[in-house]
Amino acid sequence: MKALILYKSIHHKNTEKIAKAIAEELNADVYDVDKVKPDIIDNYDIIGFGSGIYFGKHHKSLFKFLDKINKTDKKAFIFSTAGMPFLKNMFHKELRNKLKSKGFEIIGEFSCKGYYTYGISKLFGGFNKNHPNDDDIKKVKEFAKNILKELR
Ligand SMILES: Cc1cc2nc3c(=O)[nH]c(=O)nc-3n(C[C@H](O)[C@H](O)[C@H](O)COP(=O)(O)O)c2cc1C
């Protein structure tokens, strides 16, 4: 089973930390989605897609990448960091639908808090300070272990 992780992390590199933690657990290759060509997915069995949540959805680079790929029947999972990760189901909707429209089977979704200093929050030193923290990393590693179980 070969796993690939494609991510975009533009604000505080919060999602990059999550992407790398999952990669460690899955023994996956991990890349910034803007640095790879669409046919990279041909070489893998499962692909994880993630970014911070910006204005209610994942980063546009993930959508642009998916626009360029052919239909597939591969497995995928979704991850994110966000100011309000309890809204995961809503925030993931657009990427979930995009992946389904390309034929992916989605086998898991994860979100955790990410530090942000956008807009007015800057005045208070930002929100979700120090997230993702050790506990978030522990949780995402559990998530990755469950993905592995799913594949067996
Ligand atoms: C421009 C901008 C828009 C954001 N919009 C949302 C949002 O709609 N909902 C939310 O929960 N968090 C929002 N956030 C917080 C980010 O999702 C959070 O900081 C995330 O961890 C950033 O990930 P990154 O460091 O990997 O880029 C926003 C942050 C920025 C900078």
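Among the residues of segment 75-108, those that are open to solvent by 40 Å² or more (accessible area, probe 1.4 Å), farther than 12 Å from Phe63 by Cα and away from the ligand (no atom under 12 Å from the Cβ) comprise Lys75, Asn89, Lys93, Lys100, Glu105, Ile106. Taking the condition within 16 Å of the ligand (Cβ to nearest atom) and either part of a loop (DSSP other than H, G, I, E, B) or open to solvent by less than 90 Å² (accessible area, probe 1.4 Å) (or both), does Leu123 pass? In short, no.
Going residue by residue through segment 27-36, is there one that turns out to be more than 21 Å from Cys112 (Cα to Cα), within 16 Å of the ligand (Cβ to nearest atom) and at pLDDT 95 or above? Yes: one or more hits. Looking at this structure, is Lys145 open to solvent by 40 Å² or more (accessible area, probe 1.4 Å) and more than 14 Å from the chain's Cα centre (by Cα)? Criteria met by Lys145. The strands (runs of 3 or more DSSP E) found wholly in segment 1-67 and carrying at least 2 residues that are over 20 Å from Phe86 (Cβ atoms) and open to solvent by less than 30 Å² (accessible area, probe 1.4 Å) occupy 3-8, 46-52.
Return yes when Ile22 is within 14 Å of the ligand (Cβ to nearest atom) and farther than 14 Å from Ser61 by Cβ and no when it is not. For Ile22, the condition - within 14 Å of the ligand (Cβ to nearest atom) and farther than 14 Å from Ser61 by Cβ - is met.
The values are calculated or read from the model by the stated rules, or taken from the named source; none is laboratory data. The model shown is predicted, which means the values in this text are computed figures rather than measured ones. All Cβ positions, glycine included, derive from the backbone under ideal geometry; neighbour counts span all protein chains shown. These area figures cover heavy atoms from the full protein model, side chains too; ligands, DNA and RNA do not enter into them. Shrake-Rupley method; radii C 1.70, N 1.55, O 1.52, S 1.80 Å.
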